[in-house]
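Engineer: Please read through the structure below; I'll follow up with questions.
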Amino acid sequence: IAFARIMFACMLLEVPVVPVSPSYSLLSRDFSKVKYIHKLTRPGLVFAEREALFQPVLEMISELGTGIVTADAETSAMAAFNTTRLLKDAYPQQHGQGEPVLQPDAVAKILFTSGSTGMPKGVINTHRMLTSNQEAIAKIWPFVEQPGQVFLDWLPWHHTFGGNHNFNMVLRCGGTLYIDGGKPTPDGIEQTLHNLLDVSPTLYFNVAAGYELLVANLEQNPLLAQNFFKNLRLLFFAAAALPRSTWRRLQSLIDQYADRGIPITSSWGATETSPLCTSVYFPNNIATNIGLPVPGTAVKLAPVGDLTELRVKGPNIMPGYWQDDAKTADVFDEEGYFCSGDAVELIDPDSPAAGLMFKGRVSENFKLLTGTWVNVGELRVALFEALSPFAVDLVICGHNEAYLSVLIFPNIAECRQFSDQAANPGQKPEEALNEEIRRRLLAYNAENQGSSKRIRKAMLLGWPPSIDDNEITDKGYINQRGVLSNRRQEVAVLYADEKDTRIIEIG
């Protein structure tokens, strides 16, 4: 709440606000990303919620000569949340005579990308970007302007999904935002489940991994399901495709507990697009459908190798990266379209109105030793579907190797339940689970011929993906490259000649 008030004060004074991932401070050992962001943005004031929690990184910032305030500091200014005076002192050049008049193209925020391939890039977000995006949302989902909307949302405000799309929707349309202290992890989901017994949302936003964890609990707890669905108008997922099996289970729950049809919908966007560019705002039952352009946004489909890249233009697109003209120039084509790096294709080439299908990141694809290209995004969705509900996420291996393998982040609750029920007398529970994973991948291979799709080996990973090691973003999106880099030993085991009990041999 204190951060929100600081942000509003900044915006009223035309001072750009830079929300920074807490993981850069709390999970990092050397604060390298905080140092980089500090040097790039040169802040006049740094805010943190709790002084003791952030003490090590605040000491480092203080040594750099930057002013610091915390929400729990014993100062009359912060006790009264007198943020305006503090900001005027920090940014005297921003405040002249009279009240400032916000300009549409003034910088509202600098949001940093996840930095999966190096240091994060600072994305300029203008007021025009943020407000035009919310107007588009109100046009495609008119019901959000009806009074009484309720959100329960865990998505972080330093990312565009939670901080722009969801947070700003409450500001634009009115309603109540409950901040969910849970997360889409085996441990974090418990807090979310507790909160959903207290709060009945009208709109619910999550990533695919979150729905994977949520749906099993809804099936097992009728009271939770009744409370969840009684006021719900929309289920929204993004960051990754929802497995069809999870979609079907959600639909079954809707049929059982809801008194109206509830759309299960998705969209496409990025930090650079503030974020919404396409959305499914029409009848649909295809989980990989990311929809059609929203009002005000133009889309171009451009061939890149054997894939088609999604490119976008509109008032919601960034003017560029902060203090980085070279990277800015690289991501806009000759017609001024932002080159997303995401691959798509028309669901029905004869009927474009059916929408676009997400096909993964262009840069994630790789070649096998034979020179055969592997479409990682498409393969990942298919395997996620085949292994549901036992996988929270997975990573494809095989770059410059003779065959494909897969590293699996297990859905611990589902795996444990299956193992306990399926194990034969004298059989270890993990053996029963491995047999089931092998059976499912054999069935998948039977329907998918060719070296670019068939899986030879699999391994269940023993610990979840790490934010600090760039294996996963704060909003739950897996970083294929980061996992492969940090789990080199596991990858080496998959391709070694020696046998290993951790490997599930598919054949």
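Engineer: Find the helices (runs of 4 or more DSSP H) located wholly in the stretch 120-215 whose residues include 1 or more that are aliphatic (A, V, I, L, M) and modelled with pLDDT under 95, and list them.
Structural biologist: Details: elements: 127-140, 167-173, 189-198.
Here the list reads 167-173, 189-198.
Engineer: OK, next. Of all residues being of a type in the set (A, V, I, L, M, F, W, C) and farther than 26 Å from E212 by Cβ in the stretch 171-192, which is farthest from the chain's Cα centre (by Cα)? Just the residue, please.
Structural biologist: In this case the residue turns out to be C173.
Engineer: Another question about this same structure. Would a scan of the stretch 454-468 turn up a residue that is touching a helix residue (DSSP H, G or I) at 6+ places or on another chain (Cβ under 8 Å), among the hydroxyl-bearing types (S, T, Y) and under 30 Å from H158 (Cα atoms)?
Structural biologist: yes
Engineer: So, one more: For the stretch 315-331, give me each residue that is within 23 Å of the chain's Cα centre (by Cα) and either within 27 Å of E378 (Cβ to Cβ) or without any contact (Cβ under 8 Å) to a residue 24 or more places away in the chain (or both).
Structural biologist: Pass one, the stretch 315-331, residues within 23 Å of the chain's Cα centre (by Cα): 315-322, 327-328, 331.
Result: I317, T328, V331.
Engineer: Further question: Kindly indicate which of G355, G296, G314 is open to solvent by 50 Å² or more (accessible area, probe 1.4 Å), touching a Ser or Thr at 6+ places or on another chain (Cβ under 9 Å), at pLDDT 95 or above and of a type outside the set (S, T, Y).
Structural biologist: Checking each option against the conditions leaves just G296.
Engineer: Let me ask you something else. Out of all the residues in the stretch 218-255, which are of a type in the set (F, W, Y) and in a strand (DSSP E or B)?
Structural biologist: Once the filter is applied, which keeps residues that are of a type in the set (F, W, Y) and in a strand (DSSP E or B), the stretch 218-255 yields F236, F237.
Engineer: Any residue in the stretch 354-373 that is over 20 Å from P303 (Cβ atoms) sitting within a Cβ distance under 6 Å of a residue that is of a type in the set (D, E, K, R)? List the pairs, counting only those 6 or more apart or interchain.
Structural biologist: So the pair list comes out as A354/D348; L369/E401.
Engineer: Out of the stretch 179-215, which residues are of a type in the set (F, W, Y) and over 21 Å from L130 (Cα atoms)?
Structural biologist: Answer for the stretch 179-215, where residues must be of a type in the set (F, W, Y) and over 21 Å from L130 (Cα atoms): just Y211.
Engineer: Quick test for you: out of G314, G320, G355, pick the one residue that is on the phi > 0 side of the Ramachandran plot and either in contact with a Cys (Cβ under 9 Å, 6 or more places away or on another chain) or of a type in the set (D, E, K, R) (or both).
Structural biologist: Just one listed residue meets the conditions, G314.
Engineer: To continue, here is another question. Mind checking which residues of the stretch 232-264 are among the polar types (S, T, N, Q) and crowded, with 21+ Cβ neighbours inside 10 Å?
Structural biologist: Selection gives T246 alone.
Engineer: Here is a further query. I'd like to know if the stretch 42-62 contains one or more residues that are under 21 Å from P16 (Cβ atoms) and of a type in the set (K, R).
Structural biologist: yes
Engineer: Also, quick follow-up: For residues in the stretch 493-507 being open to solvent by less than 60 Å² (accessible area, probe 1.4 Å) and without any contact (Cβ under 8 Å) to a residue 24 or more places away in the chain, which is farthest from M459 (Cα to Cα)?
Structural biologist: Taking the candidates together, the pick is A496.
Engineer: I've got another one for you. Counting only residues that are assigned to a loop (DSSP other than H, G, I, E, B) and either among the charged types (D, E, K, R) or surrounded by fewer than 17 Cβ atoms within 10 Å (Cβ to Cβ) (or both), how many does the stretch 321-338 have?
Structural biologist: Total meeting the criteria: 6.
Engineer: Can we say P349 is out of contact with any Leu (no Cβ under 6 Å at 6 or more places or on another chain), in a loop (DSSP other than H, G, I, E, B) and modelled with pLDDT under 85? Outline the logic, then answer.
Structural biologist: Working: out of contact with any Leu (no Cβ under 6 Å at 6 or more places or on another chain): yes; in a loop (DSSP other than H, G, I, E, B): yes; modelled with pLDDT under 85: no.
It is false that P349 is out of contact with any Leu (no Cβ under 6 Å at 6 or more places or on another chain), in a loop (DSSP other than H, G, I, E, B) and modelled with pLDDT under 85.
Engineer: Every residue in the stretch 200-226 that is surrounded by fewer than 21 Cβ atoms within 10 Å (Cβ to Cβ) and farther than 16 Å from G261 by Cα, please.
Structural biologist: Hits for the stretch 200-226 are S200, A216, N217, E219, Q220, N221, P222, L223, L224.
Engineer: Continuing with the same structure: Out of E447, E401, E471, E431, report the one residue that is at pLDDT below 95, acidic (D, E) and buried (at least 20 other Cβ atoms within 10 Å of the Cβ). Write out each step before concluding.
Structural biologist: Numbers: E447 fails: buried (at least 20 other Cβ atoms within 10 Å of the Cβ); E401 fails: buried (at least 20 other Cβ atoms within 10 Å of the Cβ); E431 fails: buried (at least 20 other Cβ atoms within 10 Å of the Cβ).
Result of the check over E447, E401, E471, E431: E471.
Engineer: I would also like to ask the following. Here are G291, G360, G341: which of them is assigned to a strand (DSSP E or B), within 23 Å of the chain's Cα centre (by Cα), surrounded by fewer than 19 Cβ atoms within 10 Å (Cβ to Cβ) and on the phi > 0 side of the Ramachandran plot?
Structural biologist: Residue meeting the stated conditions: G341.
The values are calculated or read from the model by the stated rules, or taken from the named source; none is laboratory data. Please read all numbers here as calculations on a predicted model, not as lab measurements. Every residue, glycine among them, receives a Cβ derived from its backbone with ideal geometry; neighbour counts consider all protein chains shown. Protein only, heavy atoms only, side chains kept; ligands, DNA and RNA dropped before computing areas. Shrake-Rupley method; radii C 1.70, N 1.55, O 1.52, S 1.80 Å.
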